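Below is one structure, written out as structure tokens; the observations come after it.
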Amino acid sequence: MQKTVVLGITGGIAAYKSAEVVSRLTKAGVDVHCVMTEGAQAFVGPVTFQALSGNPVICGMFDGPQHWGVDHIYLAQHADCVVIAPATANVIAKAAQGMADDMLTSILLATTAPVLIAPAMNDQMYAHPATQANIACLRERGVRIIGPGSGRLACGTSGTGRMSEPAEIVEHILLQLSDARDLAGKKVLVTAGPTREAIDPVRYVSNRSSGKMGYALARAAAMRGAEVILVSGPTALENPIGVTTLRVETTEEMLQAVQQHFADADVIIKAAAPADYTVQAPSEEKIKKKESGEHLQLDLVTTPDILKWLGEHKINQFLVGFAAETNDAVANAREKYRSKKLDCLVLNDVTKQGAGFEVDTNVVTLVDDTGELALPCMPKDEVAMRILDYVAERTAK
Ligand code: PMT
């Protein structure tokens, strides 16, 4: 069923970023209703939000009803989630006091939906004990506070007070809206990305994994209610919201992090592409470039096989491995499934268009005792959801 979000926009320069929040939410299929304070209208016009949301924008308490009945009650009751982004120090103070002197604060008092607030203000205003006390009071009442981040502020200084980026705010909202909670109560351990094995202080052996597949799985598992630990090799991706992310560099470090967390995991998904080889004797100094035509010889030795270790030590954990194959894909995948004692193996034939490393899509086949389930090319977020459908079904009590 389509979800409804009431987005309150208050008077800060970050109001322009709320346009992107609306755009991303509507693209995700959410019905967005914007409520602007007078201050917000000094920064951005309501027409922008009306065009992006496809709904009338409510600006004043007495504009005349835009919805059936009394606007603030209608919206308060129909919202699946109320968000304020940006939230000024003033609206935070009013919300903490339970004031209702405009449309937005009236909705806040009248709603029973979850409330998310993304503060945006000058760093001194944010650090002021009054603001901090107001935020603490809202948190105590169950309001979720998103950010703020640090960096250059509109007033020219740098510090904490920048509104979180729209993508992050939207991720928080979608997490709140998700009602597929079939992994609630489960602990899911996911690995993602490549690992790096040093050749010298500036060079390393690695591979093309971006981490996108593993991060999509971690995000999706969190959305479905699981407690998620993500062990990630070096990637350019942001830590997923609602997930405990542990960053590691080498295959040995990934093994150690996995060993630390595997015992109480219910599900382990090894989407990482750990380097299979490490340099036997990495140089402590940068190796000088050879003359043209000269060879540089590296002795590579194998790294620990984390998945094999998990297969040998698992007790009740549901163990999902991945395999990136280029030839005899199904036969090789079956051999990995058997030899590593897996419950499921997700095969990527990385020679296929839209599959495997770096790209935003994947083409996978789930391999288990019952056979093979080939999925079509889909965005990695959807592939993650399909893998978790399978995991949820197999691990349901
Ligand atoms: O990160 P992306 O750019 O989104 O790309 C996704 C992906 C292609 C990396 C991912 O979907 C994938 O296929 N990951 C597994 C890649 C891989 O290492 O395949 P493999 O066949 O070499 O390894 C088989 C399994 O053993 C994997 O689950 C791997 O995590 C695990 N392994 C491998 C080596 C090692 N030393 N320890 C391991 O546990």
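The values are calculated or read from the model by the stated rules, or taken from the named source; none is laboratory data. Note that the structure is a prediction, hence the values are computed from the model and not measured. In this analysis, Cβ positions are derived from the backbone assuming ideal geometry, glycine residues included, and neighbour counts consider all displayed protein chains.
A few notes on this one:
- Taken together, the residues in the stretch 132-170 that are touching a Pro at 6+ places or on another chain (Cβ under 8 Å), over 22 Å from Leu108 (Cβ atoms) and of a type outside the set (Ser, Thr, Tyr) amount to 1.
- Matching residues in the stretch 320-343 - criterion: being within 27 Å of the chain's Cα centre (by Cα), surrounded by 21 or more Cβ atoms within 10 Å (Cβ to Cβ) and either more than 10 Å from the ligand (Cβ to nearest atom) or over 17 Å from Ala192 (Cα atoms) (or both): Leu342
- Matching residues in the stretch 230-258 - criterion: being more than 13 Å from the ligand (Cβ to nearest atom) and within 17 Å of Gly185 (Cα to Cα): Gly242, Val243, Thr244
- Within the stretch 129-148, tally of residues that are farther than 21 Å from Ala14 by Cβ, assigned to a helix (DSSP H, G or I) and among the charged types (D, E, K, R): 1
- Once the stretch 353-377 is narrowed to residues that are aliphatic (A, V, I, L, M), surrounded by 16 or more Cβ atoms within 10 Å (Cβ to Cβ) and part of a strand (DSSP E or B), the residue that is nearest to the chain's Cα centre (by Cα) is Val364.
- Residues that are touching an Asp or Glu at 6+ places or on another chain (Cβ under 8 Å) and under 20 Å from Arg208 (Cα atoms) were ranked within the stretch 357-393; the one that is modelled with the lowest pLDDT is Pro379.
- Filtered by the rule that a residue be modelled with pLDDT under 95 and charged (D, E, K, R), the stretch 225-246 gives a lone residue, Glu238.
- Ala272 crowded, with 23+ Cβ neighbours inside 10 Å and more than 16 Å from the ligand (Cβ to nearest atom): no
- Put simply, of Pro86, Pro148, Pro119, Pro114 the only residue that is in contact (Cβ under 8 Å) with a residue 60 or more places away in the chain and surrounded by 18 or more Cβ atoms within 10 Å (Cβ to Cβ) is Pro86.
- Output for the stretch 94-106, where each listed residue is crowded, with 17+ Cβ neighbours inside 10 Å and either part of a helix (DSSP H, G or I) or touching a residue at least 12 places away in the same chain (Cβ under 8 Å) (or both): Lys94, Ala95, Ala96, Asp102, Met103, Leu104, Thr105, Ser106
- Every residue from the stretch 302-317 that is aliphatic (A, V, I, L, M) and modelled with pLDDT of 95 or more: Ile306, Leu307, Leu310
- For the stretch 286-308, a residue qualifies if it is aliphatic (A, V, I, L, M) and part of a loop (DSSP other than H, G, I, E, B), and the qualifying residues are Ile287, Leu296, Leu298.
- Just one of the numbered conditions (1) loosely packed, with under 15 Cβ neighbours inside 10 Å; (2) among the polar types (S, T, N, Q); (3) within 12 Å of the ligand (Cβ to nearest atom) is not true of Thr303: (1).
- One residue from Thr250, Thr303 being hydroxyl-bearing (Ser, Thr, Tyr), in contact (Cβ under 8 Å) with a residue 60 or more places away in the chain and out of contact with any His (no Cβ under 8 Å at 6 or more places or on another chain): Thr303
- Filter result for the condition that a residue is touching a residue at least 12 places away in the same chain (Cβ under 8 Å), away from the ligand (no atom under 13 Å from the Cβ) and buried (at least 21 other Cβ atoms within 10 Å of the Cβ), over Val170, Val143: Val170
- Scan of the stretch 180-197 for residues that are surrounded by fewer than 18 Cβ atoms within 10 Å (Cβ to Cβ) and within 16 Å of the ligand (Cβ to nearest atom), ordered by number: none
- Residue pairs meeting the criteria (Cβ under 7 Å; at least 6 apart or on separate chains; first in a loop (DSSP other than H, G, I, E, B), in the stretch 309-330; second surrounded by 15 or more Cβ atoms within 10 Å (Cβ to Cβ)): Gln317/Phe262; Gln317/Ala265; Gln317/Asp266; Gln317/Val267; Gln317/Ile268; Thr326/Val350
- Only one entry of Ala154, Ala184, Ala198 meets the criterion of being modelled with pLDDT of 95 or more, out of contact with any helix residue (DSSP H, G or I) (no Cβ under 8 Å at 6 or more places or on another chain), small (Gly, Ala, Ser) and on the phi < 0 side of the Ramachandran plot, and that entry is Ala198.
- Residue within the stretch 210-229 that is farther than 11 Å from Gly193 by Cα and within 10 Å of the ligand (Cβ to nearest atom) present: yes
- If you check Lys380, Lys308 for being surrounded by fewer than 20 Cβ atoms within 10 Å (Cβ to Cβ), near the ligand (Cβ under 10 Å from one of its atoms) and within 30 Å of Gln260 (Cβ to Cβ), only one passes: Lys308.
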